[in-house]
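Undergrad: Okay, here's the structure, questions in a sec.
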Amino acid sequence: MLTVYGRANSINVRKVLWMLDEVGEPFDRQDWGRGYRPTSEPDFMRLSIFGVVPIIDDGGFVLRESQTIVRYLANKHSRHDLYPADLKARAQTESWMDWASTDLYAAARPVFHAMIVNAKDPTTAVAPADGVADWAKHMKRLDQQLTNEGPFLMGAAFTIADIPAGMVVNRWFALKFDKPELPAVAGYYDRLAERRAFRTHGRNGTP
Ligand SMILES: N[C@@H](CCC(=O)N[C@@H](CS)C(=O)NCC(=O)O)C(=O)O
């Protein structure tokens, strides 16, 4: 059976867990990473010298990088509904995945780190104003895209383009700070929550 190495509260591990449930692939999971077994242990380093989660082991095939794993699973299960076969639609799907895991995620990270990772007491932690402003700038772009071309990032139907963005959207709503109204993003968050896999691994109370 496929094994996931990585703690279930990691945004990158959660993308993979979400996708595994979307395609209905059974899996085992081991807790590795911050707060659990350190990835510097030899058992982890034997699989990957990069020291980050997630990694999967699929019958001896070891793969890292969350987005690559999501695409591998889509291809493995021939889920062209989730990962279009058409050259241009596929490239657009990938561009949303890349944007969400680079620009959007980089903007979210300082706020998450201030409020959760580095907070002495996350219940009283305050979001840094400059971090919120930068994150909101990117979230407004997402809102605009969903307004113009939604209801999902690739239009009418859910695809893997929505997985990295959906995880950041969960973080946006799950963290408590003053935020601008983003009606299309709020609708998107509810629409994603119609999926059991997102409720299990995304919108599950963990930012
Ligand atoms: N580009 C990598 C990034 C992986 C990454 O940064 N993972 C974080 C958790 S979200 C990690 O392993 N942090 C160290 C730790 O938990 O020990 C991916 O998408 O898989």
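The values are calculated or read from the model by the stated rules, or taken from the named source; none is laboratory data. Just so it is clear, the structure is predicted and the values come from calculations on it, not from any experiment. Remember, those area values only see protein heavy atoms, side chains included, never the ligands or the DNA or RNA. Shrake-Rupley method; radii C 1.70, N 1.55, O 1.52, S 1.80 Å.
Undergrad: List the residues, sorted by chain then number, that are 5 or more residues from residue 7 or on another chain and whose placed amide H is less than 5 Å from its amide H.
TA: Here 32 satisfy the definition.
Undergrad: Number of Lys pairs in the stretch 87-199 with C-alpha atoms less than 19 angstrom apart, excluding same-chain neighbours closer than eight positions?
TA: On the way: 120/176; 137/176; 137/179; 140/176; 140/179.
Eligible lysine pairs with Cα atoms under 19 Å apart amount to 5.
Undergrad: For the stretch 154-192 and the stretch 37-110, compute the distance between their C-alpha centroids and round to whole Å.
TA: So the two Cα centres are separated by 19 Å.
Undergrad: Leaving ligands and nucleic acids out of the surface, order 115, 45 by accessible area at 1.4 Å, largest first. Could the numbers behind the result be given before it?
TA: Values: 115 10, 45 75 Å².
Ranked list, largest accessible area first: 45, 115.
Undergrad: Can you give me the Kirkwood hydrodynamic radius for the chain, using every pair of distinct Cα atoms, in Å to one decimal?
TA: Working: mean 1/r = 0.0569 Å⁻¹.
With all distinct Cα pairs of the chain included, I get 17.6 Å.
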